[in-house]
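Data block below; observations after.
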Amino acid sequence: MILQILQVVLPVFIVIGSGYALARSGLFKSSVIDGLMTFTQGFAIPCLLFLAIADLDLGEVFDWRLLLSFYAGAAICFALGIAGARLIFRRRPGEAVAIGFCALFSNSVLLGLPIMERAYGAGALAPNFAIVSIHVPFCYLLGIGVMEFARADGRGLVETAVVIARALARNALMIGLAAGFVVNLVGVPLPGTVRSALEMVAGAALPAALFGLGGVLTRYAIRASLPETGMITALSLIAHPSIAFALSWWVFALPIEWVRAAVLTAAMAPGVNTYVFASIYNRGQAEAASAVLVGTALSVLTASAWLGILGALP
């Protein structure tokens, strides 16, 4: 069982490690990594998400119990992260929100999708795409809203709404998802040549993104904020998937395929967007960078553990 789990997880992290090693050695310059991440996050992954949502049976996988199992855990960990930062580490309100955001935003695409695909096959990704489809808007709406409320120099309600709307409208992942929903709901079939081209690009999305993620991680460092980093990683890798498991398996008794999607997506490390969020507000950047680096490294162990737990279910 352990060997089978490692055969699922290790290839993903070998690709990440290859990107990290080659970027650290200087064989791949920073500009090359930037170009690769621009391609994957600005074009290839939006194409992947577009095709996935366009082909998705919305009535089957968009179940409120599945979404609640994942997002209730995310919101609870966000609140716990803020409370821990304020009460335990005595951080200022804006810094506490940035730290909480690290526990809120899982790396659902770059890590969640490839690990789920390797574990259960591409046909098992439908509930993952349902979760991913509202991940960015949910996290940014919650994070920006709470940050603007917490900051002493925060914006008013209307200005905050405009900031959130602009951030979402410029997000390439949101554009790909929105276009996929339009095609799905309108029911217009894609021309065969267009679909083939999109599938070619989408096929390169996750491997290239994993390699690029490894290169990006060379820019982060484990700073002096190790206690806060430990709290974030515990919330992200243990608390969030535990809540998702309890809700999806015990409370809602969802199909095992949906339980796997909710738990594994919740079990992913903080995404790079957490550092982007912290940088936007110039608060908690060190904690966000450390959490991304440490959380991604520890995901090798925790993702394997959660795959073992899920594999033991009847």
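The values are calculated or read from the model by the stated rules, or taken from the named source; none is laboratory data. A quick note: this is a predicted structure, and the numbers were derived from the prediction, not measured. Cβ coordinates were reconstructed from backbone atoms using ideal geometry, including for glycine residues, and neighbour counts include every protein chain displayed.
Below, the figures for the structure above:
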{"read-out": "Every pair of residues 6+ apart whose Cβ atoms lie under 9 Å, when the first sits in the range 1-30 and is farther than 23 Å from LEU113 by Cβ while the second is of a type in the set (Lys, Arg)", "value": "SER30/ARG219"}
{"read-out": "Odd one out for SER236, checked against (1) of a type in the set (S, T, N, Q); (2) in contact with a Phe, Trp or Tyr (Cβ under 7 Å, 6 or more places away or on another chain); (3) closer than 23 Å to VAL8 by Cβ", "value": "(2)"}
{"read-out": "Tally of residues being among the hydrophobic types (A, V, I, L, M, F, W, C) and crowded, with 20+ Cβ neighbours inside 10 Å across the range 62-89", "value": "7"}
{"read-out": "Within the range 187-281, helices (runs of 4 or more DSSP H) holding 3 or more residues that are farther than 25 Å from GLY94 by Cβ and within 16 Å of the chain's Cα centre (by Cα)", "value": "192-217, 256-266"}
{"read-out": "Criterion: farther than 30 Å from PRO189 by Cα and touching a His at 6+ places or on another chain (Cβ under 7 Å) - qualifying residue of GLY73, GLY19, GLY94, GLY100", "value": "GLY73"}
{"read-out": "Odd one out for THR38, checked against (1) of a type in the set (Ser, Thr, Tyr); (2) buried (at least 19 other Cβ atoms within 10 Å of the Cβ); (3) at pLDDT below 95", "value": "(2)"}
{"read-out": "Any hit, the range 92-111, residues being more than 18 Å from ALA54 (Cβ to Cβ), part of a loop (DSSP other than H, G, I, E, B) and either of a type in the set (Val, Ile, Thr) or in contact with a Lys or Arg (Cβ under 9 Å, 6 or more places away or on another chain) (or both)", "value": "yes"}
{"read-out": "The one condition in (1) hydrophobic (A, V, I, L, M, F, W, C); (2) farther than 20 Å from ASN128 by Cα; (3) surrounded by fewer than 19 Cβ atoms within 10 Å (Cβ to Cβ) that ALA23 fails to fulfil", "value": "(3)"}
{"read-out": "Which listed residue, of VAL97, VAL163, VAL158, VAL146, is surrounded by 19 or more Cβ atoms within 10 Å (Cβ to Cβ) and either modelled with pLDDT under 95 or touching a strand residue (DSSP E or B) at 6+ places or on another chain (Cβ under 6 Å) (or both)", "value": "VAL146"}
